[in-house]
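Read the structure below first, then the notes.
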Amino acid sequence: MEMAKTLMVNANCRNHLSFSAILNSPKNTKFSFSKTMSMCSSFCPRASSSTPKDELPARIGFLGLGIMGSPMAQNLIKAGCDVTVWNRTKSKCDPLISLGAKYKSSPEEVAASCDVTFSMLADPESAVEVACGNHGAAGGMSPGKGYVDVSTVDGATSTSISSRIKSTGALYLEAPVSGSKKPAEDGQLIFLTAGDKSLYETAAPLLDIMGKSRFYLGDVGNGAAMKLVVNMIMGSMMASFSEGLLLSEKVGLDPSTLVEVISQGAISSPMYSTKGPSMVQSLYPTAFPLKHQQKDLRLALGLAESVSQPTPIAAAANELYKVAKSRGLSNQDFSAVIEALKVARFGGQTSSFSSETRVSRRRSVRRGACASA
Ligand SMILES: NC(=O)C1=CN([C@@H]2O[C@H](COP(=O)(O)OP(=O)(O)OC[C@H]3O[C@@H](n4cnc5c(N)ncnc54)[C@H](OP(=O)(O)O)[C@@H]3O)[C@@H](O)[C@H]2O)C=CC1
Ligand SMILES: O=CC(=O)O
């Protein structure tokens, strides 16, 4: 078995089991880990020291080199991994090839030439296409290999990809990430994994290169569900923050001061502190595309529907993101959802946080207050 020659798993959890020992175990899916392993089976922070290069899976594939996939693959290359890349738009492979990555011209060829293949695709449709479509990764999978899908998709999609991959004898792990462009660049992602535990252990040193922590959540679907719940909350938070910024401005307050006030209190969040200042300037440099946030809300609402859980706040937020999409903001950062709340006026111009409008509005609010006093 190709993988077996290199795999010592999970320095982080202090378990040094070879991959061959795991796969050849009579109870493959229930191999007997030490108590230490069961203690850290749910949550593991990143290993404090880096895993020696010769303990990493030998050949790593990476499919999908968008905002997230590119820096994730780059971190693997920089850590000394042997990485083979593929992306639908080939030009996005070039910077990684110049860093030392190999290139194959289809997901199938990548999977055939690698031990563990990661995929980071836009949505359920592309995740299925790349895994199971014509010349998809499944065509190159076989026993001893693993497929780790880190895209944000719904549980049903993940389950169907899992079935196809496992029908080849390979292992499957869903591992969506929490954390955006900057955490991806800094190797600070949070992995929400579920599926084959032995592949989780094999992939752990790689996850630790790309992320700061990882959760193992059990059966396929649980990682997807956790990610959707997190992003449902995030989408609603951003919509609510947008309302607050615009309301503060309309009543004559400085939205930048609101951002500062929030940063010091109980609802402080890195998301508000990082995105707030640019939102005040009506700037939305893309880290997490708005179309993906709306996709996640749509999928989260489907998840809620499947268990009859009311989610009225998320449903309202979803409508707002749909409006933003219809205004051509799909590829802007999801903080551009604030634009959906700006009232059209002056021949179609929407309001903005220009200091001029802020000052004049503050004056007129004060005038109104005096007049009614
Ligand atoms: N950006 C973020 O902050 C975060 C994103 N995510 C999730 O990660 C995933 C990727 O996000 P991100 O990198 O931002 O997205 P991007 O839109 O930047 O990249 C999407 C990737 O999917 C590929 N793709 C899209 N459609 C197809 C298709 N039909 N066939 C093959 N490949 C396709 C794109 O290829 P091409 O280059 O050819 O278009 C590209 O590689 C999404 O599921 C997103 O929800 C999770 C956490 C954070
Ligand atoms: O999915 C987006 C994120 O920031 O996490």
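Those residues that are within 15 Å of residue 215 (Cβ to Cβ), aliphatic (A, V, I, L, M) and over 12 Å from the mean Cα position of the chain (by Cα), I need them from segment 150-196; list them, please.
Listed by number, the residues that qualify are 173, 194.
Pairs please, first residue from segment 79-103 and assigned by TED's automatic domain parsing to the domain that holds residue 187 and closer than 26 Å to residue 125 by Cα, second anywhere and in a loop (DSSP other than H, G, I, E, B) and among the hydroxyl-bearing types (Ser, Thr, Tyr), Cβ atoms under 9 Å, 6+ apart in sequence or on different chains.
The qualifying pairs are 86/105; 86/106; 90/105.
Looking at residue 228, is it open to solvent by 50 Å² or more (accessible area, probe 1.4 Å) and at pLDDT 95 or above?
Considered against the rule, which asks whether it is open to solvent by 50 Å² or more (accessible area, probe 1.4 Å) and at pLDDT 95 or above, residue 228 comes out as no.
Which one of these does residue 97 not meet: (1) open to solvent by 10 Å² or more (accessible area, probe 1.4 Å); (2) assigned to a helix (DSSP H, G or I); (3) touching a strand residue (DSSP E or B) at 6+ places or on another chain (Cβ under 9 Å); (4) within 16 Å of ligand 2 (Cβ to nearest atom)?
Of (1) open to solvent by 10 Å² or more (accessible area, probe 1.4 Å); (2) assigned to a helix (DSSP H, G or I); (3) touching a strand residue (DSSP E or B) at 6+ places or on another chain (Cβ under 9 Å); (4) within 16 Å of ligand 2 (Cβ to nearest atom), only one is false for residue 97: (4).
So which residues in segment 157-200 are surrounded by fewer than 20 Cβ atoms within 10 Å (Cβ to Cβ), closer than 20 Å to residue 57 by Cα and polar (S, T, N, Q)?
Across segment 157-200, the qualifying residue is only 168.
Conditions: (1) more than 23 Å from the chain's Cα centre (by Cα); (2) within 14 Å of residue 61 (Cα to Cα). Residue 134 meets all but one. Number of the miss?
Residue 134 satisfies all of (1) more than 23 Å from the chain's Cα centre (by Cα); (2) within 14 Å of residue 61 (Cα to Cα) except (2).
Let's see how each residue does on (1) touching a residue at least 40 places away in the same chain (Cβ under 8 Å); (2) open to solvent by 30 Å² or more (accessible area, probe 1.4 Å); (3) among the aromatic types (Phe, Trp, Tyr):
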residue: 107; (1), (2), (3): yes, no, no
residue: 111; (1), (2), (3): yes, no, no
residue: 114; (1), (2), (3): yes, no, no
residue: 119; (1), (2), (3): yes, no, no
residue: 122; (1), (2), (3): yes, yes, no
residue: 131; (1), (2), (3): no, no, no
residue: 141; (1), (2), (3): no, no, no
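Can you name every one of the helices (runs of 4 or more DSSP H) wholly within segment 144-232 that holds 1 or more residues which are assigned by TED's automatic domain parsing to the domain that holds residue 83, aliphatic (A, V, I, L, M) and within 16 Å of ligand 2 (Cβ to nearest atom)?
181-186, 197-210
The values are calculated or read from the model by the stated rules, or taken from the named source; none is laboratory data. Note that the structure is a prediction, hence the values are computed from the model and not measured. Neighbour counts are summed over all protein chains in view; Cβ atoms, including those assigned to glycine, are modelled from backbone coordinates with ideal geometry. The area values use the complete protein model at the heavy-atom level, side chains included, leaving out ligands, DNA and RNA. Shrake-Rupley method; radii C 1.70, N 1.55, O 1.52, S 1.80 Å.
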